[in-house]
Amino acid sequence: MKQLSHNPAPIGVFDSGFGGLSILREIRKVLPQYDYLFIGDNARAPYGVRSFQLVYDFTKQCVEYLFEQGCNLVILGCNTASAKALRTIQQHDLPVIDPTRRVLGVIRPTVEKIGQITKTGNIGIFGTPGTIQSKSYDIEIAKMYPHYHVYGHACPMWVPLVENRESDGPGADYFVKKDIDALLSQCPTIDTVILGCTHYPLLINKIKQYMPQGIKVIAQGEIVAESLKDYLRRHPEMEVKCSQGGTCTYCTTEEAEKFNGLASIFVNEPVQARHVNL
């Protein structure tokens, strides 16, 4: 790695593809004053079907890229990366690379929130096959709320629906209803469902259409944004390392033009990304 500096720099946000842009959008609403640098590893997406080792390797490369650009704080805006790579990066890599830098994920802030919402303690999780298989939500929930019960269901078709711009099409109706029915068949008293993939908020209209009344659906963007705001308040030594110019820069490992069109759907504004090689 290149020599790392500690000048104030953008907050880094990483995702394997596009979904983390939904996290970034909410963070920028809550904390518009900071600079942000987003990298999407679109050339190697999706991560959800890849092995733990590959997800870790790819995530670490992207985190190191953001560090090389000066970022002192990096948010993994990706459930799969948070599930399969975050702990190893925090415990094994950061002490070697630079113990003053921080990498945060999206799973823990989401789990912290459910205690304020559920009445039955029966929690449903929709996620990619990788996130569900990792049982990362189950583990975090068991740590915080050992008496809760967690029911996971993988939705392998939801990301392709979003990325093929079929969120409002009839295919979305079929798969969303089918997956909701499959999750709720595991337990009739689930009252809180976590959208454990950052693409899924783009299906929220369909999800609400087929989700029975009384079940709370949790999207992560607002939760992660408020958690980051609280983190910076509690860690002024990190807050001063985050530059405040109100800018946002986008990078992708895919061809930039291909990235820009779909990315704009997630952030609700035009995107001009630059291509990077890792």
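Select from segment 144-163 the residues that are in contact (Cβ under 8 Å) with a residue 24 or more places away in the chain and part of a helix (DSSP H, G or I) and write down the one among them that is farthest from Lys178 (Cα to Cα).
Checked segment 144-163; the qualifying residue farthest from Lys178 (Cα to Cα) is Met144.
Check Ile223 against each of (1) open to solvent by 30 Å² or more (accessible area, probe 1.4 Å); (2) within 18 Å of the chain's Cα centre (by Cα) and name the one condition it does not meet.
Every listed condition holds for Ile223 apart from (1).
What number of residues within segment 226-261 are open to solvent by less than 40 Å² (accessible area, probe 1.4 Å), under 23 Å from Val63 (Cβ atoms) and either in contact with a His (Cβ under 9 Å, 6 or more places away or on another chain) or not hydroxyl-bearing (Ser, Thr, Tyr) (or both)?
Adding up the residues that qualify gives 10.
Would you be able to tell me the number of residues in segment 94-123 that are over 25 Å from Glu26 (Cβ atoms), in a loop (DSSP other than H, G, I, E, B), free of Cβ contacts under 8 Å to residues at least 60 places away in the same chain and open to solvent by 20 Å² or more (accessible area, probe 1.4 Å)?
The qualifying residues number 1.
I'd like the residue in segment 191-203 that is over 11 Å from the mean Cα position of the chain (by Cα) and modelled with pLDDT of 95 or more and, out of all such residues, is farthest from Tyr151 (Cα to Cα).
The qualifying residue farthest from Tyr151 (Cα to Cα) is Leu203.
What are the residues in segment 195-210 that are open to solvent by 30 Å² or more (accessible area, probe 1.4 Å) and either aromatic (Phe, Trp, Tyr) or touching a Gly at 6+ places or on another chain (Cβ under 6 Å) (or both), if any?
Answer for segment 195-210, where residues must be open to solvent by 30 Å² or more (accessible area, probe 1.4 Å) and either aromatic (Phe, Trp, Tyr) or touching a Gly at 6+ places or on another chain (Cβ under 6 Å) (or both): just Tyr210.
Out of all the residues in segment 57-80, which are buried (at least 20 other Cβ atoms within 10 Å of the Cβ) and part of a helix (DSSP H, G or I)?
Correct list: Phe58, Thr59, Cys62, Val63, Tyr65, Leu66, Phe67, Asn79, Thr80.
From the set of residues in segment 1-19 that are modelled with pLDDT of 95 or more and within 14 Å of Thr252 (Cα to Cα), which is surrounded by the most Cβ atoms within 10 Å (Cβ to Cβ)?
Applying the filter and picking the extreme gives Asp15.
Going by what's in this entry, would Asp173 be described as open to solvent by 10 Å² or more (accessible area, probe 1.4 Å), within 16 Å of Thr120 (Cβ to Cβ) and acidic (Asp, Glu)?
No.
Against the conditions (1) closer than 30 Å to Val176 by Cβ; (2) of a type in the set (S, T, N, Q); (3) open to solvent by less than 70 Å² (accessible area, probe 1.4 Å), where does Gln213 fall short? Just the number, please.
(3)
What about Glu64, is it of a type in the set (Asp, Glu) and within 21 Å of Lys229 (Cα to Cα)?
Spelling it out, it is not the case that Glu64 is of a type in the set (Asp, Glu) and within 21 Å of Lys229 (Cα to Cα).
Please find, within segment 20-49, the residue that is nearest to Leu202 (Cα to Cα) out of those that are at pLDDT 95 or above and assigned to a loop (DSSP other than H, G, I, E, B).
Per the stated criteria, the residue is Asp41.
Which of (1) within 17 Å of Lys60 (Cα to Cα); (2) touching a Phe, Trp or Tyr at 6+ places or on another chain (Cβ under 9 Å) is the odd one out, the single condition Ile132 does not satisfy?
Checking Ile132 against (1) within 17 Å of Lys60 (Cα to Cα); (2) touching a Phe, Trp or Tyr at 6+ places or on another chain (Cβ under 9 Å), the one that fails is (1).
The values are calculated or read from the model by the stated rules, or taken from the named source; none is laboratory data. The model shown is predicted, which means the values in this text are computed figures rather than measured ones. Please note: Cβ atoms are built from the backbone with ideal geometry, for glycine as well, and neighbour counts cover all protein chains shown. Ligands, DNA and RNA are stripped out before the accessible areas are found, and what is left, the full protein with its side chains, is counted by its heavy atoms. Shrake-Rupley method; radii C 1.70, N 1.55, O 1.52, S 1.80 Å.
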